Structure formats: C-alpha cells, structure tokens
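Some notes on the structure that comes next.
The values are calculated or read from the model by the stated rules, or taken from the named source; none is laboratory data. All of these numbers come straight from a predicted model, not from anything done at the bench. All Cβ positions, even for glycine, are placed from backbone atoms using ideal geometry, and neighbour counts span all protein chains on display.
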Amino acid sequence: MTGARTITHDNLAALVADLAAAGTRVTAPARGADGKVDYRPIASLAEAALGAELPRRSLKEFFLPASEPLFSWRQEGAKVDLRAVPTEFPPHLVLGARPCDAAAVEILDHVMGWDYRDELWFGRRAATTIATLACPGVDGSCFCTATGRGPESTKGSDLMLYPIDGGYLVEVVTPKGDALVTAHAARFISASDASRPVSPDPGPRTPDPASLPMPAIAEWLARNFEHELWRDIALRCHGCGACASVCPTCHCFDIVDEPEGVTEGTRRRNWDTCQTGLFTLHASGHNPRRDQHARIRQRVTHKFSIYPAKFGEVLCTGCGRCARACPGGMDLPEILGRIAALAGAASGPEAAV
Amino acid sequence: MKELRDLARTLLADGAVKVVIGYEEGPRGVRPAFITRPEHAERLIFDARCTHCLPAYLSPRRTHVAALGKPAVVVKGCDARAVAGLIREAQLAREDVVVIGVRCGGVTGDPTVAELASGTVAPRCDACDAREPKLADHVVGPALPAPPASDQPDMLARLEGMSAAERWEFWQEAFSRCVRCNACRQACPMCFCERCVADKTQPAWIESSPHGRGNLAWHLTRAIHQAGRCVACGECQRACPADIPLGLLNKKLAHVVAERFGYRAGDDPAVPAPVGAFRLDDAQEFIR
C-alpha cells in the first residue's frame, strides 16, 4: 500500500467534479431541505457538509436500501416471466463517512455472506469506495471505544481523511482506496514526512472500554435469557423501532410481494425490526415474543452475544443513534452498563467491590 | 416536587396503585419513569423538559406495563386529553387509573432542553388553556406563569398559503424520508388498535414498502384515523427519526373537525368524538 498523502480542499473539490463527470456516484453528508444532515448524493463538494453533525441515518441504506425490488414477474396464460434486478452497480464513492458507519458495513459483511451470499449487498460493496473522515465527536451518547472502535478507527474504510490546514491528510487503508488515489494521483501530494495531526480531545464521547467489557457482557447475556432486568428496562419502550431504523448495524428485512393488477408484480425487501410484535407473529396467532421485554432482550442479545458468538465481533459500533432517536429515553450504553455491573457482581466478590 | 413525590410514595405505600408512571432524570434528559416502590418516589421530577405524553403507557397494548397492576399517571393538562380519549373509546375505565395532574408552565418539546424561551417552547403550548389539569384525582405543584409565545414560523399557515402543487411537493419530500419504522404509531397515545390496518397482509390495504405509494397510503390513513381523536401531544413528530412534521397533518384535521362538527378533543370523556357518535340531528346529511 502506498503511504500517506495530502489533498487540498480545492483538489478534493476537483476530484469530486472529476469523479462525477466520469459517472461515479458521490455520496457525502449534506444538508437537505429540512436543514438536517443525511448522507446524500452530491454533484459538487460545495454541497457536502463534511464533519458537520452526525448524519441522521447511517450508511447502511447505500448497501441495504430501506426498500428494494428483488425481482418482478409477469404472467401470460401458463407462462410466468421473471425479471431479475441488476446485481452490478456503477462506481460509488462515499466521502466523509463516520468511522462508526464505515465499520458497521464491514461488520455486516459477515451475515450478508454467511449461509447465502447476498448479491445485492456485495454488488454495492464492490462498487463502493469509502473515504472516512476521522470523527470530530458528537456527544455523550457516543460509545464507540467500548465496542472496539474509536474516532480514528479504519475498519470498513478504504481511505481515512484527517483534517489539516487547508485540506486533509489521506491514509490509504485498502487496495480499493489505493486504486482511487492512484487513478487520480495528480490531485494528491505525497506526504511521506507528514505527521498525523494530533487527535482532538476525545471527551465524554469515548468511555473507557473497561467500563463496558464486551466479553463479560456477552457471557452474562448467554446465561440470562430470563432476568428481571428485561422487564424493568422494557417498560418505557414504545416498541417503535426508531432505534433499528437509524442503527448502522440492524439489518433485518421483510420480504413482500406487491401485485400490480392481476398478472404483474414485484417482490421487494423492506427494512424490518425485531421491536414490533408483527416481526415474530406466527400464522397460527402464536407470538414467541409477546411482550416488549422479549423484543428488547432480542435486540441486545443479538448485538452483544449471538453475533459475536457467530462472527467474532459485536453488532454495534457505538454511534449512539439509538439513544438519541428514542422517544422513550431508552439508552443502550446505560443498559450495557447495567449488564456489566450485573456480570461483575456475578463473577466474584472482588469484582463486586 | 416534594408534593409529587410525597403523593406517589403514599399511593404506593398504601397499595392504592402498583406503579406511578412519571418523569425521571435519564442519561439524555428527562424520560418516563415507572416507580413501583415507595422509596423510589424520590426519582420523580417535573419541569419544562417533561414533554412526553405518559398516558400512551396506559393503552391495553402495553402488556408489559399493564402486568405491573393498577397505575397512577402523571399528566399535564394537555396530556389529560389522552386519558379522556382512552376512556371515551373504552380502552380504560376511569376507576382503573389514578390521575396525578401537575400544574404546567409550558414545555420545550425536547427532553434535553430545559430553558423555556420563545425559540424552545413547544408550539402546542401557545394559548394553552389546560395548564391547570381538570381531569385529575390529585393536582400538584405550584401555579406557573404562562410560557413565552413561540417564535417558530406557523408552518400550517404557510402550507395553507401554498398552491396544491406546492403542498404536494412539500409532503412528497417529507414522506420520501419515511422508512416505515412505525415510531409515529407506536408512540401515539391514541394508536391503540390491537391490530393496525397497516399490519394487515391479506389483503395488504396499505403496502408496507417505504416507497411513494406505500408512504402516502400510510400517512393519509394515520392522519384520517386521528381526525377528531388526536390530542395534539406531538409525540408522533417527536418520535419520528426522519423528522417528518406529522403534527401539521393532525393540526389541519383538528381544524377541519372543529369547523365541521364543532368538536375539539378535550378532557371530558363523556363528550363523544364525531367519529364515534351517531346523532339524528347530525349536520352532515349523508350519515342520517
């Protein structure tokens, strides 16, 4: 991999213009009509709001859209014609991703390529280069450091950008990132002697990882399917699923057939969430997760016990969006803290002190 | 605060209720609290951050809350309309809940923002006539001055001033952000159906896909089902992770219902809502 380089603001703007002209989709945090920042398509760097507030939704919709067709059908007599959707996508650059959002995409690769290789997911993954901006911090609901990530985590990123005077220091992380830098070499300045800028004070957004020990939490979860904690914390939960919709790692989907008249239709997949009763309702009327506490338990257990047991890492990057979005004041870092305390208390008298 | 905590402690200690649903300090501002032990009554607070409409937790679909036993609920005067709505629509018997009214000086609409100012006050607090709760078994707290008037632009007036095409464009943009997470429905005190029409699959009256057609069908259905029932607590809009201004639809329909039927969702459960009433002298001919 080539070493570090720098890019000036002007050259970054020119790079975006070059890419857009060559047919590459460019997505960046940008302000919309309602004044809020989301990851949006941009035609020029001037539209981007790099390093502004945390985008409202994560990056996952660029790989797993909130709704997408899987195929469509048309019937003529006894003949049924199935039309596939494309699984190859035009080149795409995400510029100014948050480290927590970029990491989430790589964490999701496990489940998307496990028993079945999701062609749509990996088609979009192959087409996309992610250039992540080192995180300037959000607020006290962040807990990325506790999940093994951090403001400068490179996981999931092809390139890392660190703000410096007049532009960015660019660190190449993957061959895909290298390819982009190499193809546009004239826009970059070699910076073999450039030292990485000093990280900003991490502040309250990055708790001491020891305060939320993930292995101890996973171990407690595996042993405490029935525990009063679940009924206690679920009381304020509305079961609204706002947490899952803004979560960079929640990836469950529903599959529906939408007919157009009698002979045509489309099969789609849509985001779904384990926080609703309908998610587990059986055709018989039985619901194995009848109450909200069972749904909260599922969300926490899947992220911090089932997923790490299966794939070796937690299904959470500590972005804090769930806590910010919750109208009922549910707070995942707080819940994990309570579990850590319970796990500590259970592991011996020394740990309980 | 002491009056509220003392009352909650007494209700729990005497066994009059099993849980007091109120407000407490959380990691991100104020949040709902479920106090089941007298010694935990100290956690209860009330201030301008207490925007949540707690009667939402009284609806029978909250099985995990109902399992605790008889509740007391802390309400602002405006929230009492939701208690009245649940009683009016036979979801709750008046004797099955102890209503603790708190005198209110306005809320900010954001549980993390404490300072009441013209830029932070919830627009619904403008011209509020319910700062002294009426539907309540107990009324606590000092009488507070009226909050400052909101300086936020009157979006409903702006929308009404638009052409139909401009309004269509406004809502198309807003609904395009909807991912159908259902937060608006779940947080609503008046969305208590055991099975929502949007969850029906055979037939699927409302497509669950968050595309233009599905989103329009959902939001229009939700709005119509709220006409004359919405208590204007603003929880749908606050819950929406996409910041869709759903309160505007509710407000417009409340105006229409007031104009056509002379009805406003109030705190008297004995006054029937137009959608649930049949009258031989109905002003609308088609229904007679």
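Taking B:GLN172, is it within 14 Å of chain A (Cβ to nearest Cβ) and touching a His at 6+ places or on another chain (Cβ under 6 Å)? Considered against the rule, which asks whether it is within 14 Å of chain A (Cβ to nearest Cβ) and touching a His at 6+ places or on another chain (Cβ under 6 Å), B:GLN172 comes out as no.
Taking first residues from the range B:196-212 that are under 19 Å from B:SER59 (Cβ atoms) and partners that are outside any loop (DSSP other than H, G, I, E, B) and of a type outside the set (D, E, K, R), the Cβ contacts under 6 Å between residues at least 6 apart in sequence or on separate chains come to B:ALA198/B:TRP218; B:ASP199/A:LEU278.
Looking only at the range A:153-178, count every residue that is under 22 Å from A:ALA323 (Cβ atoms) and surrounded by fewer than 21 Cβ atoms within 10 Å (Cβ to Cβ) and tell me the total. It would help to see each step written out before you state the result.
Applying the first criterion (under 22 Å from A:ALA323 (Cβ atoms)) to the range A:153-178 yields A:153, A:155-156.
Imposing the further condition that a residue be surrounded by fewer than 21 Cβ atoms within 10 Å (Cβ to Cβ) reduces the set to A:155.
Here the count works out to 1.
Checked against the criteria, A:GLY261 does not count as within 19 Å of the chain's Cα centre (by Cα) and modelled with pLDDT under 95. Here the strands (runs of 3 or more DSSP E) wholly within the range A:65-129 that include at least 3 residues being within 20 Å of the chain's Cα centre (by Cα) are A:92-97. In the set (1) in contact (Cβ under 8 Å) with a residue 40 or more places away in the chain; (2) in contact with a helix residue (DSSP H, G or I) (Cβ under 8 Å, 6 or more places away or on another chain), A:THR132 fails one condition alone, (1). Considering (1) away from every other protein chain (no Cβ under 14 Å); (2) assigned to a loop (DSSP other than H, G, I, E, B); (3) over 18 Å from B:GLU3 (Cα atoms), the lone condition that B:ARG49 does not fulfil carries the number (1).
In this structure, does A:GLY35 turn out to be within 14 Å of chain B (Cβ to nearest Cβ), loosely packed, with under 15 Cβ neighbours inside 10 Å and small (Gly, Ala, Ser)?
On the way: within 14 Å of chain B (Cβ to nearest Cβ): yes; loosely packed, with under 15 Cβ neighbours inside 10 Å: yes; small (Gly, Ala, Ser): yes.
For A:GLY35, the condition - within 14 Å of chain B (Cβ to nearest Cβ), loosely packed, with under 15 Cβ neighbours inside 10 Å and small (Gly, Ala, Ser) - is met.
In the range B:179-190, is there at least one residue being closer than 21 Å to B:ARG31 by Cα and away from chain A (no Cβ under 12 Å)? Yes, the range B:179-190 has at least one match.
The combined condition, being more than 7 Å from chain B (Cβ to nearest Cβ), in contact with a Pro (Cβ under 9 Å, 6 or more places away or on another chain), of a type in the set (Ser, Thr, Tyr) and over 30 Å from A:TYR39 (Cβ atoms), is not fulfilled by A:THR263. Answer with yes or no whether B:LYS76 is among the charged types (D, E, K, R), away from every other protein chain (no Cβ under 14 Å) and surrounded by 24 or more Cβ atoms within 10 Å (Cβ to Cβ). Answer is yes for this residue.
May I ask you to verify whether B:ALA84 is farther than 24 Å from A:ASP232 by Cβ and buried (at least 21 other Cβ atoms within 10 Å of the Cβ)?
yes
Tell me, yes or no, whether the range A:221-242 has at least one residue that is away from chain B (no Cβ under 13 Å) and of a type in the set (Lys, Arg). The answer is yes, given that some residue of the range A:221-242 is away from chain B (no Cβ under 13 Å) and of a type in the set (Lys, Arg). When the range A:60-93 is filtered for residues that are away from every other protein chain (no Cβ under 14 Å), touching a residue at least 60 places away in the same chain (Cβ under 8 Å) and surrounded by 12 or more Cβ atoms within 10 Å (Cβ to Cβ), the ones remaining, listed by number, are A:PHE63, A:PHE71, A:TRP73, A:ARG74, A:GLN75, A:PRO91, A:HIS92, A:LEU93.
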